[in-house]
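No lab work stands behind these numbers, since they all come straight from the coordinates. All of these numbers come straight from a predicted model, not from anything done at the bench. Here the Cβ positions follow ideal geometry from the backbone for every residue, glycine too, while neighbour counts run over all protein chains shown.
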Amino acid sequence: MDAAEFRKRGKEMVDYVADYLEKIDKRQVFPDVEPGYLRPLIADCAPQEPESFEDVFKDIEKIIMPGVTHWHSPYFFAYFPAASSFPALLADMLCGGIGCVGFSWGSASEATLISLLAARTKTIRRVQSEKPELTEAEIMGRLVAYASDQAHSSVERAALIGAVKIKNVPSDDTFSVCGSALKKVLDEDKAAGLIPFFFCATLGTTPCCSFDKLLELGPICNKENIWMHIDAAYAGSAFICPEFRHLLNGVEFADSFNFNPHKWLLVNFDCSAMWVKKRSDLIGAFKLEPLYLQHHHQESGLVTDYRHVRLSHQFEHLVLQDERFEICAEVVLGLVCFRLKEQSGEIEHSTTGFVTFDQTSSSSTSVLLSLMIQSKKLHLQGKTILQYEGSNELNEALLKSINEAKKIHLVPCHLREKFVLRFAICSRTVESAHINFAWQHISQLASDLLKTWEQNHHQQQ
């Protein structure tokens, strides 16, 4: 692509983005696809000949958009506002055009840090299981990490942040670390009572583009329960070419691998890709799961917009008008926390316009059946009264039905022991009509849920 074609294609892309944002309310806010849908739709390897821009452009709607959650949709009420505007998009274009690498430390450096922290956690847990008499502090004091004397300074910085010792392994005449050099250092440190846990091998060192000898280093690390991370920040992009793949021999011994596409693959800074052999090691080291970040696939505001505040109070008012619901926290800015009350009422409810509820396929049915078991039936003045217990499960079922319908998107949180739905004003294009639509949709699904529960309760009598 030369400058002339860039001018032409740039105009086309601006038109596409403008059309996308102007008509985003017509798109389903949450995708129907499952994780992994993209794999069979893309080639297994890079093409020998480039595709035309027209064909690439068609893939946006054909391949990319079916998997997109539209954060800027006026029906997206999950998480937090993702600020964007047309001036910001133009600024992004300018930043990409200038391409200034304005950083002090980042990208591959962060991958090294994350790998080291994951290795630290994994080792501490292993040693504690073997020697339960040792405290975490005692183990931490004996941990030691290793890297080549040619490694990037970010490896040493990662060890400082991780509060562990680090030692340089001497390189040979080709500025590469070999297996014998690593083994010598390991033997000395183990004899001194230290616990080796992490080695950072470099493919393409910063000073001279030397390559540590993975085929020698990998088996040693695996045998000694040492996490081997490969920092291929510079050279990694070259491995797309078959003639350079021999430099990657031994990668199968690695626990993690990182390279920077922004160096050779014509991608703007910063773009750093990282792989881990066993993702549970990485996830387990950082597993703090507030409910609003949880999703059913996980195991397979900086700027205040006062318009958001007005709309959130509109939604709060709608919630308060429905006696079945309650507000669970003070509404101050653009977030409303609400839930179905732990309520009791007559079997007969005044409800209209129910949505069909598939009792044979939805897992919400099992939740409702469990609620029936927990329910109490009272008789008062000749009327049958139901008391709903298990209110958390009821609200979980409501959220599930909301997100399965895919007309709006919400996420939950826990406030003390209560399961609560979060309604966050996110998109700058949200208007009063979108708030009304969202509430009508939520209210209708809640009515349907309660009606189904009551019907199942009658069937059990």
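For LYS131, the lysines whose Cα comes closer than 17 Å to its Cα, not counting residues fewer than 8 places off in the same chain, are LYS122, LYS190.
Simple point charges give the picture: +1 on the Cβ of Lys and Arg, -1 on the Cβ of Asp and Glu, and for segment 85-241 a dipole about the Cα centre of about 320 debye. Ordering of 22-29, 420-427 by packing is 420-427, 22-29, highest average first (other Cβ atoms within 10 Å, averaged per residue). Across segment 107-293, Cα pairs under 8 Å and at least six residues apart give a relative contact order of 22 percent. Peptide packing for 405-414, 197-206, 114-123 was compared via the average number of neighbouring C-beta atoms within 10 Å per residue; ordered from the highest value, the list is 197-206, 114-123, 405-414. From the Kirkwood radius over Cα pairs of segment 1-116, Stokes-Einstein at 20 °C and 1.002 mPa s returns a whole-number translational diffusion coefficient of 121 µm²/s. Working ranking of peptides 435-445, 237-247, 2-12, 251-261 by packing, defined as the average number of other Cβ atoms within 10 Å per residue, highest first, is 251-261, 435-445, 237-247, 2-12. Taking segment 133-209, which GluC sites (Glu not before Pro) meet the DSSP loop condition and have no more than 12 other C-beta atoms within 10 Å? For GluC sites (Glu not before Pro) across segment 133-209 that sit outside H, G, I, E and B with at most 12 neighbouring Cβ atoms in 10 Å, the list reads GLU133.
Taking Cβ atoms as reference points and 11 Å as the exclusive limit, the residues near ALA145 contribute a net charge of +1, counting Lys and Arg as +1 and Asp and Glu as -1.
Net length available on complete extension from LEU194 to MET1 is 63.9 nm, with 0.36 nm assigned per residue and the Cα-Cα distance removed. Distance between the 7 Å Cα→Cβ label points at ARG310 and GLU243: 6.4 nm. Among all the lysines, which ones have a C-alpha under 26 Å from LYS400's C-alpha, if same-chain residues fewer than 8 places away are not counted? Within the straight-line limit of under 26 Å, LYS400 reaches these lysines: LYS26, LYS287, LYS341, LYS376, LYS418, LYS451. Give me the net charge for the shell around PHE57: Cβ to Cβ below 14 angstrom, other residues only, Lys and Arg +1, Asp and Glu -1. Once positives and negatives cancel, what remains is -4.
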